[in-house]
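In what follows, a single structure is set out as structure tokens and then discussed.
The values are calculated or read from the model by the stated rules, or taken from the named source; none is laboratory data. Note that the structure is a prediction, hence the values are computed from the model and not measured. A quick note on method: Cβ atoms are made from the backbone with ideal geometry, for glycine too, and the neighbour counts reach across all protein chains shown.
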Amino acid sequence: MRVPGPSGQSGLKEGKSARMASNSLDKREGLGEVETLNVSCPECGGVEVVRDNEKGELICAKCGLVLSDHRIDSGPEWRAFTSDEQDSRSRTGAPESASIHDKGLSTIIDWRDRDGRGVAFSAKQRAQIYRLRKWQIRTRVHSSLDRNLAQAMTEIDRLSSQLGMSQSLKDDAARMYRKLIAGRLWRSRSIDATAAAAVYAACRHRGSPRSIEEIAQHSRESKKKISAHYRMLVTKLKLRMPISSPAMYVSRFISELNLPTEVQHTTMEILERAREVRGLVTGRDPRGLAAAAIYVAAIMHDCRVTQRDISRVSGVTEVTIRNRYKELVARLRLTILPEALAIAA
């Protein structure tokens, strides 16, 4: 014979909490997505749960039973409101990065002769720290591979900064260079030209292309040498590069020219129509087509932008912009008012 006791009361409470959780599951917003865990619901046997991040509860997605109301927070126990506070309170180093020759895993001895409290070292301590610092540098870059990577990563970082590239693009270029050097696929080649070729390949592979002329302008190597190293890089790594399209350049050119969003939308529509016309896009420089389409769209929206401004941003000549502009207007049968053309000119 079973005597009802505290267990019966807990069962009633559990059922009540299940009904409340089920109702709140339908009404409350801001819950996490449905997850599948190794824990099954004791009521219905379901394995799909909803994680409530606000209350720290795990709720069965089928019947609404609260499976757990204690969630362990794996974050730090301190709070930081500024980047300086976060840097000072953090007890870990910088994340691993492919753009650093040792991936940021080695130690660094600061050049300031002071301890963690800011107290200056004595003469004996300075001499000891000097010897430690010297050997630390020697062990950090001790092989020819490390010296090669250190020089190449510095060059990739410099080019990325000059071109305004994002961190992900810079890491992509660094990974490509590492595959060449670590796999012994690349020997007796110019480090600067190879680094420039890796930057060009990363930009083109990620759909944010830069021209060879732009990279050669900031590099210490010529355009011809960078092009040759790029072809060999693609061959050695067996990369399949996407074909550059004019649409890839539009957003960057529009941003540098400070043109409104309507001009960008019209430019994309013009380029989409140009793709349907045979012989208008194939075999043309994508930068020239993008520059000409931007010029046409700016005229349509009465924006004051000259061919010289577009030429400066895109890197193509004004003659190319005029030729592509005439082809777009004639082949697409675009209507441009003479007064709008006078304003743009």
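Data table
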{"item": "Single residue of Ala182, Ala216 found to be under 23 Å from Ser251 (Cα atoms) and over 18 Å from the mean Cα position of the chain (by Cα)", "result": "Ala216"}
{"item": "Filter result for the condition that a residue is over 27 Å from the mean Cα position of the chain (by Cα) and either surrounded by 16 or more Cβ atoms within 10 Å (Cβ to Cβ) or in the same structural domain as Ala201 (by TED's automatic domain parsing) (or both), over Leu280, Leu271, Leu259", "result": "Leu280"}
{"item": "Odd one out for Ala196 among (1) under 15 Å from the mean Cα position of the chain (by Cα); (2) in contact (Cβ under 8 Å) with a residue 24 or more places away in the chain", "result": "(1)"}
{"item": "Any hit, region 215-223, residues being surrounded by fewer than 19 Cβ atoms within 10 Å (Cβ to Cβ), in a helix (DSSP H, G or I) and touching an Asp or Glu at 6+ places or on another chain (Cβ under 8 Å)", "result": "yes"}
{"item": "Those helices (runs of 4 or more DSSP H) lying entirely in region 234-345 with at least 2 residues touching a His at 6+ places or on another chain (Cβ under 7 Å) and either farther than 30 Å from Ala196 by Cβ or in contact (Cβ under 8 Å) with a residue 12 or more places away in the chain (or both)", "result": "261-276"}
{"item": "Total residues in region 146-167, condition within 18 Å of the chain's Cα centre (by Cα) and part of a helix (DSSP H, G or I)", "result": "10"}
{"item": "Region 170-180 - residue that is aliphatic (A, V, I, L, M) and modelled with pLDDT of 90 or more and, of those, surrounded by the fewest Cβ atoms within 10 Å (Cβ to Cβ)", "result": "Met176"}
